[in-house]
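Colleague: This is the structure, below, for whatever I ask next.
The values are calculated or read from the model by the stated rules, or taken from the named source; none is laboratory data. These figures come from a predicted structure and were not determined experimentally. Ideal geometry is used to build each Cβ from the backbone, glycine not excepted, and the neighbour counts take in all protein chains shown. What goes into the accessible areas is simple: the full protein's heavy atoms, side chains included, and nothing from ligands, DNA or RNA. Shrake-Rupley method; radii C 1.70, N 1.55, O 1.52, S 1.80 Å.
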Amino acid sequence: MPASRTPGDRAASGGSPSPRADGAAGRAAIVVVSRDSAIRERVHHELAWRYSTDYQIVTCDYPPGLAAQLQALRAAGTPAALVVGGVSGQDPDDIEIFAAVRPVEPTALRVAAVRWGDWVASQPVFDALTLGQVDHMAIGPEGSPDEEFHRSITEYLSEWRSRRGGGFEAVRLIGEQWSARSQELRDAFTRNQIPIGFYDVGTARGREMLEDLGLASPDLPVVVLRFAAHRSTLANPSDAEIAEAFGLLAPVSADVCDVAVVGAGPAGLAVAVYASSEGLRTVVVEPKAVGGQAATSSMIRNYPGFPQGVSGSTLTSQTFEQAWSFGTTFLFIREATSLSNHDGHYRLGLSDGNVLSARAVVIATGAAYTELGVPDLEGLHGRGVFYGAAVSEAPAMRGQTVFVAGAGNSAGQAAIHLAKWARQVTILVRGASLAQSMSDYLIRMIGALPNVDVAYGVQVAGGAGTDRLESLVLEDRASGQRRCVPADGLFVLIGSQPRTGWLGETLMRDQEGFILTGPAVQAGVATRWPLLRPPSLHESSLPGVFAAGDVRLGSVKRVGSAVGEGAVTIPQVHAFLAAQAAAGHAGVGR
Ligand SMILES: Cc1cc2nc3c(=O)[nH]c(=O)nc-3n(C[C@H](O)[C@H](O)[C@H](O)COP(=O)(O)OP(=O)(O)OC[C@H]3O[C@@H](n4cnc5c(N)ncnc54)[C@H](O)[C@@H]3O)c2cc1C
C-alpha cells in the first residue's frame, strides 16, 4: 500500500499516518479514499492546496485498510472530519468503502465525490444518501481551482465543526447535565444557531470554570456571553434576562404597523420575508427560538432546492436573517395572549403587558408537541425525557440506550439522528406498521441501521429514575403485559396540537383548535363572517386576520407548505389593506 503524494501536499500519508513534523497532530483530518489513483490524486491535490493549513490531508489507497487508518489517526489525536471517497465506474469498492467509517469515527461525514456527467455512478450515490450510507455527495473536482467543489467541502466542514463543538463558543453554559433548565437552554441556543459550549458542573472542567469566574456556589445554570465587548455572566437567568444581554429586547412601538405576525416558525418567517420585502411594516412576535418545529429537525430532506437535505435550524435561521435584512422587527421572548379589534385596528396583547397594534394580523402559531400523559415521567422532563430536542441532546446519548416514541417522520428522523451516538435506539410504535405514517425513505434508512430497531404494538406506561431517567415500563397493547427495561433517554414525538388557546372565542376554530379560513369559514350554518365579500383563502372569520401553516385547518403539515402558505397570504393582506385604504380606514374590513 504505497503512500500517494502530490505537489503541494504538506500532509499526505498512505496506509498509516505518522505524526507530522510541523505539528499537525491535534488538527482534524480530511481523508481521501479510493483505489483509483487518478481520482485519488485529483481530489487530494485540490484539497491539499486549499485546506492543508487547517486540516491534515490524508490519502488511503487501500479501502479495506480505511478503518485501521482512521483508528491510527484517532490514536494520534487527529479525528477525521471528512472521508471523501472517489466513486466511479472504475472503482471496485464503490459505496462500500464508507461502511468502515461510522464504527470508528461516528461524527465524520462521508462524502462521495462523483465526476461531473458520470450519471451511472451518481444513481447508487442517491440510493446510498437515502439509506444513510453516505452523508453527502460532491461533484468534482474538475479543473483547478474548482470553486463549486470547494463550496461543498467548506459547507461539510462547517457542518462537522458545528456538530462536534469545540470551536468558537459565543456562549458558555455551565450547569447540571440532567437539569431541565440546562436542557432547555441547550436546545434554545442550538435552535438559534448560537455556538455554545456546555460544561457539566459534575466534571473537573466545569468546576474549574466556575472558580475562574469567581463563583463559589452560584445558582445554576450559569450563562457566560463571550462575544460582547464586556463579557456578561448570568446566574440562572430568565429568558428575558438572556434576551436583554443579547440586545434582543426591542421595545414595542406605539405606532400601528401594517402586519403583525404571530409566530416565527417557517410560516411566520415566510410571511415576514414577503411582507417586508414588499414594503409592509412588519412585526413578528415569538416567545421562543426562531424556526418553530422545523428548527428541531436534524435534517429536512423534502424541502425543494436542497437535494441532500438541510438542517431545520440552518434553513430557518437563514430565513430569519433574510426577513431581518428586509426590515422586519422581531419581538422575542414575548407571546401573543389576546386579540381584539379597536378603533379600526387589531390589538395584540403581549405576555409582557405591552400591546402591539396592526392593520392586519397573520397567525402562524403552528403546533405544540402532544404530551405522553404518563405521570411517572412528568418529573423527568429534560432529565432523560425530551419532547423533540433530538438535535441538541443527541451527543449526550453517546453509548446509551435510547427510545423514541412515535411513528411519524419526526420520530423516524430523530431515531436516525440519535443512532449516530446511541448504542441502541428502539422506536416504540403503538400500531402494527410504520407504512401509513412514515415516509418510505425513512423506513428504508431505519431498516439499514444496525443499532435501530422498531417495537410494534407497544406504548409507554411508566418509568422511573432519581436524578434522571433510568427505566421505562413498556406495555404490549394487545395483551396488556408490561415489562421494565433500562433506558437512558426517551424522545417523545407523538404528534402535535394547534397553539390557539390564547384566541378564545375571537375567531372560528374547529373542535381541536385549528383555525378555519376561506371557504371553511363560510361552510356550515354557524358562520360568523360579517362582510358581503367572501373571506379570502387564508382569511379567518375576522376580516384582516389570516392564518398560515400548521395552525390552519386543512393545512398540510410540511415545512414547504407552511412557507408556501406564508408567501401566498401576503397578496391577500395587500388586497385587504388596499380595500381598507379605499374605504378611508372606516373600520376593519370592507
Ligand atoms: C422533529 C420534527 C421534524 C420534522 N421534519 C419535517 C421534515 O423533514 N419535512 C417537513 O416538510 N416537515 C417536517 N416537520 C413538520 C414541520 O416542521 C412543520 O409542518 C412546520 O414547522 C410548521 O410550520 P409553522 O410555521 O406553521 O409552525 P411551527 O413550526 O409550529 O412554528 C410556530 C411558531 O409559533 C410560535 N408561537 C406559538 N404560540 C405563540 C404565541 N401565542 N405568540 C407568538 N408566537 C407563538 C412558536 O414558538 C413557534 O416558533 C417536522 C416537525 C418536527 C416536530
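Colleague: When both residues are 6+ apart or on different chains and their Cβ atoms are under 6 Å apart, which pairs have a first residue that lies in the range 548-563 and is at positive phi, and a second that is of a type outside the set (S, T, N, Q) and more than 7 Å from the ligand (Cβ to nearest atom)?
Modeller: If the second residue must be of a type outside the set (S, T, N, Q) and more than 7 Å from the ligand (Cβ to nearest atom), the pairs left are GLY549/GLU565.
Colleague: Here's something else I'd like to know. Can you pull out the residues in the range 468-492 that are among the basic types (Lys, Arg) and within 16 Å of GLY384 (Cα to Cα)?
Modeller: ARG468
Colleague: Which condition from (1) within 12 Å of the ligand (Cβ to nearest atom); (2) open to solvent by 10 Å² or more (accessible area, probe 1.4 Å) is the one that SER340 breaks?
Modeller: Among (1) within 12 Å of the ligand (Cβ to nearest atom); (2) open to solvent by 10 Å² or more (accessible area, probe 1.4 Å), the lone unmet condition for SER340 is (1).
Colleague: Hey, among the residues in the range 315-328 that are surrounded by fewer than 21 Cβ atoms within 10 Å (Cβ to Cβ) and of a type in the set (S, T, N, Q), which one's nearest to the ligand (Cβ to nearest atom)?
Modeller: Out of the qualifying residues, it is SER317.
Colleague: Out of all the residues in the range 290-314, which are assigned to a helix (DSSP H, G or I), more than 10 Å from the ligand (Cβ to nearest atom) and open to solvent by 20 Å² or more (accessible area, probe 1.4 Å)?
Modeller: THR314
Colleague: For the range 395-415, what are the residues that are within 11 Å of the ligand (Cβ to nearest atom), of a type in the set (Gly, Ala, Ser) and more than 12 Å from PHE491 (Cβ to Cβ)?
Modeller: The one that is within 11 Å of the ligand (Cβ to nearest atom), of a type in the set (Gly, Ala, Ser) and more than 12 Å from PHE491 (Cβ to Cβ): GLY408.
Colleague: Another question, then. For the structure I just gave you, tell me whether ARG50 is open to solvent by 10 Å² or more (accessible area, probe 1.4 Å) and under 16 Å from GLY140 (Cα atoms).
Modeller: Working: open to solvent by 10 Å² or more (accessible area, probe 1.4 Å): yes; under 16 Å from GLY140 (Cα atoms): yes.
So ARG50 fits the description; yes.
Colleague: Looking at this structure, is GLY279 away from the ligand (no atom under 11 Å from the Cβ) and either surrounded by 22 or more Cβ atoms within 10 Å (Cβ to Cβ) or modelled with pLDDT of 95 or more (or both)?
Modeller: yes
Colleague: Could you check, for the range 219-227, whether at least one of its residues is closer than 17 Å to ILE333 by Cβ and in contact with a Lys or Arg (Cβ under 7 Å, 6 or more places away or on another chain)?
Modeller: There is at least one residue in the range 219-227 that is closer than 17 Å to ILE333 by Cβ and in contact with a Lys or Arg (Cβ under 7 Å, 6 or more places away or on another chain).
Colleague: Under 7 Å between Cβ atoms, which residue pairs at least 6 apart in sequence (or on different chains) link something in the range 199-225 that is closer than 16 Å to ARG186 by Cβ with a partner that is assigned to a helix (DSSP H, G or I) and basic (Lys, Arg)?
Modeller: Short answer, once both residue conditions are applied: TYR199/ARG205; VAL201/ARG207; PRO221/ARG181.
Colleague: Let me ask you something else. Tell me the residue from ALA526, ALA578, ALA520 that is away from the ligand (no atom under 16 Å from the Cβ), of a type outside the set (Asp, Glu) and assigned to a loop (DSSP other than H, G, I, E, B), please. Give the derivation first.
Modeller: Numbers: ALA578 fails: assigned to a loop (DSSP other than H, G, I, E, B); ALA520 fails: assigned to a loop (DSSP other than H, G, I, E, B).
None of the other options fit; the residue is ALA526.
Colleague: On the basis of being out of contact with any His (no Cβ under 9 Å at 6 or more places or on another chain), within 16 Å of the ligand (Cβ to nearest atom) and among the polar types (S, T, N, Q), does SER540 make the cut?
Modeller: Against the criterion (out of contact with any His (no Cβ under 9 Å at 6 or more places or on another chain), within 16 Å of the ligand (Cβ to nearest atom) and among the polar types (S, T, N, Q)), SER540 qualifies.
Colleague: While we're looking at this one, here's another question. Out of all the residues in the range 206-225, is one or more under 30 Å from SER561 (Cβ atoms) and assigned to a strand (DSSP E or B)?
Modeller: So far as the range 206-225 goes, no, none of its residues is under 30 Å from SER561 (Cβ atoms) and assigned to a strand (DSSP E or B).
Colleague: Inside the range 418-433, can you point out the residues that are crowded, with 21+ Cβ neighbours inside 10 Å and at pLDDT below 95?
Modeller: Within the range 418-433, LEU418, ALA419, ALA422 meet the criteria.
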